[in-house]
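Below is one structure, written out as structure tokens; the observations come after it.
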Amino acid sequence: MGLSIGKIELLLLVAAVVAMLARRLHVPYSVGLVVAGIGLTLLPFSLEVGLTKDLIFTILLPPLIFEAAFCLHWPELRRDLPLVLVLATLGVAMSASVIAIGMHFVAAWPWASALLFGVMVAATDPVSVIATFKEAGVGGRLRLLVEAESLFNDGAAAVGFVIIAVFAVGNALSPSEMAGTLVLMVGGGIACGAAVAGALLLIAGRTEDSLVELTFTTVAAYGSFLLAEHLHWSGVLATLTAGLMLGNLGALGAISNKGREAVVAFWDYAAFVANSLIFLLIGIHETTQNYSAVWLPALAAIGLVIIGRAAAIYPISLLFSRSSLRVTMKHQHVLFWGGLRGALALALALGLPPEVAFRKDMITVTFAVVVFSLLVQGLTMTPLLRKTGDIS
């Protein structure tokens, strides 16, 4: 069943109460929402809400990506862009490889299924990562690295998933065709985002009506995503590009000062709503998973995801250890343990083609990875940040 107005109102009321309690109890808001979602299933009345790829990927993910990208400052991002891009590409590939190899031999999944699963859960999710760091009050370069890496590897994982899914359903691609598809998805997604944002910046510069400017950013967030996806390009990269352009070029005068204040406030609230719905829905659907049938693959996947993240963060950080982009060891630990999973992994899992072997098991195991990530890593992130001195 879908989300009705009544259900949305109830979920938002729960989210507001959880936000108040989480702040008083000093626990991550995302963790509180997942627990609250589980608690909602114990109510005497039914709260059935369908969790689909379209709901997460098309409706809830674009505003989260746009809001995070809009708030990234290009001068700071440009300085660390080489490190971020390597983490978001080579890092995702290394992590996905470790997970895929492990799931093939431990869970006896065929290579196509193991590779798809590896890509699905290799990338850190900006939904959960950014929410946790905002709650913890993390700032400076560490927050920039975490936000930027999670956003860019989100796009990398989505692109990789599409390409590997072609193999999984039996359609072979030659190396040149695969390279062409990759370039087209990435380049096309960026071009869509740039085209939509550029056009809206030109129009926005002709008005100082903050409501109109706010409407333009909404069109940019969803319009760039939907256009790119319609053309079979990367919607995630399109929205990321649009957010970066509007957030940085708009600040140069295309968006008025009053309009920018309204835009920032609106997208901050939009991100809160999207985050709240996603985490509550994860909690609600957590109780419907049959883990007893896949306990070994689930435990293996949780361990492999952690190992895969370590295999990406520490070696890549070592590559930059003698450069100006050096990452301190304590921040490497935060990047490693802060690699939370969430909405993207679930959206991709729910969108698995029916022909993929072990599809049902892959969805359940993905839920296990996400819930472990949010509850265990999420609850221990703040103590880790205190230990590294990033928060008091």
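The values are calculated or read from the model by the stated rules, or taken from the named source; none is laboratory data. Quick caveat, the model's predicted, so the values are computed rather than measured. Cβ placement follows ideal geometry from the backbone for every residue including glycine, while neighbour counts extend to all protein chains displayed. Note: accessible area is taken over every heavy atom of the protein model, side chains too, but ligands, DNA and RNA are not part of it. Shrake-Rupley method; radii C 1.70, N 1.55, O 1.52, S 1.80 Å.
A search for C-beta distances below 6 Å between a residue of segment 129-152 that is on the phi > 0 side of the Ramachandran plot and any residue that is at pLDDT below 80, counting only pairs 6+ apart in sequence or on different chains, returns 137/391.
Among the residues examined, residue 367 does not qualify as of a type in the set (Phe, Trp, Tyr) and either closer than 18 Å to residue 140 by Cβ or modelled with pLDDT under 90 (or both). Quick test for you: out of 231, 296, 318, pick the one residue that is at pLDDT 95 or above, open to solvent by 30 Å² or more (accessible area, probe 1.4 Å), more than 30 Å from residue 208 (Cα to Cα) and of a type outside the set (Phe, Trp, Tyr). Result: 318 is the single residue among 231, 296, 318 that is at pLDDT 95 or above, open to solvent by 30 Å² or more (accessible area, probe 1.4 Å), more than 30 Å from residue 208 (Cα to Cα) and of a type outside the set (Phe, Trp, Tyr). Only a single criterion out of (1) surrounded by fewer than 20 Cβ atoms within 10 Å (Cβ to Cβ); (2) touching a residue at least 24 places away in the same chain (Cβ under 8 Å); (3) within 26 Å of residue 348 (Cα to Cα) is not satisfied by residue 269, namely (2).
The requirement of being free of Cβ contacts under 8 Å to residues at least 12 places away in the same chain and not in a helix (DSSP H, G or I) is fulfilled nowhere in segment 178-191; no residue meets it.
Among the residues that make up segment 375-384, is at least one of them among the small types (Gly, Ala, Ser) and open to solvent by 10 Å² or more (accessible area, probe 1.4 Å)? For segment 375-384, residues among the small types (Gly, Ala, Ser) and open to solvent by 10 Å² or more (accessible area, probe 1.4 Å): absent.
Okay, residues lined up against (1) surrounded by fewer than 15 Cβ atoms within 10 Å (Cβ to Cβ); (2) more than 25 Å from residue 243 (Cβ to Cβ):
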{"site": "68", "(1), (2)": "no, no"}
{"site": "73", "(1), (2)": "yes, no"}
{"site": "78", "(1), (2)": "yes, no"}
{"site": "82", "(1), (2)": "yes, no"}
{"site": "85", "(1), (2)": "no, no"}
{"site": "88", "(1), (2)": "no, no"}
{"site": "92", "(1), (2)": "no, no"}
{"site": "98", "(1), (2)": "no, yes"}
{"site": "103", "(1), (2)": "no, yes"}
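Of the residues making up segment 98-110, just one is touching a residue at least 40 places away in the same chain (Cβ under 8 Å) and out of contact with any helix residue (DSSP H, G or I) (no Cβ under 6 Å at 6 or more places or on another chain), namely 110. The residues of segment 321-370 that are part of a helix (DSSP H, G or I), buried (at least 18 other Cβ atoms within 10 Å of the Cβ) and more than 21 Å from the chain's Cα centre (by Cα) amount to a single one, 361.
Does residue 48 count as part of a loop (DSSP other than H, G, I, E, B), touching a residue at least 12 places away in the same chain (Cβ under 8 Å) and open to solvent by 10 Å² or more (accessible area, probe 1.4 Å)?
yes
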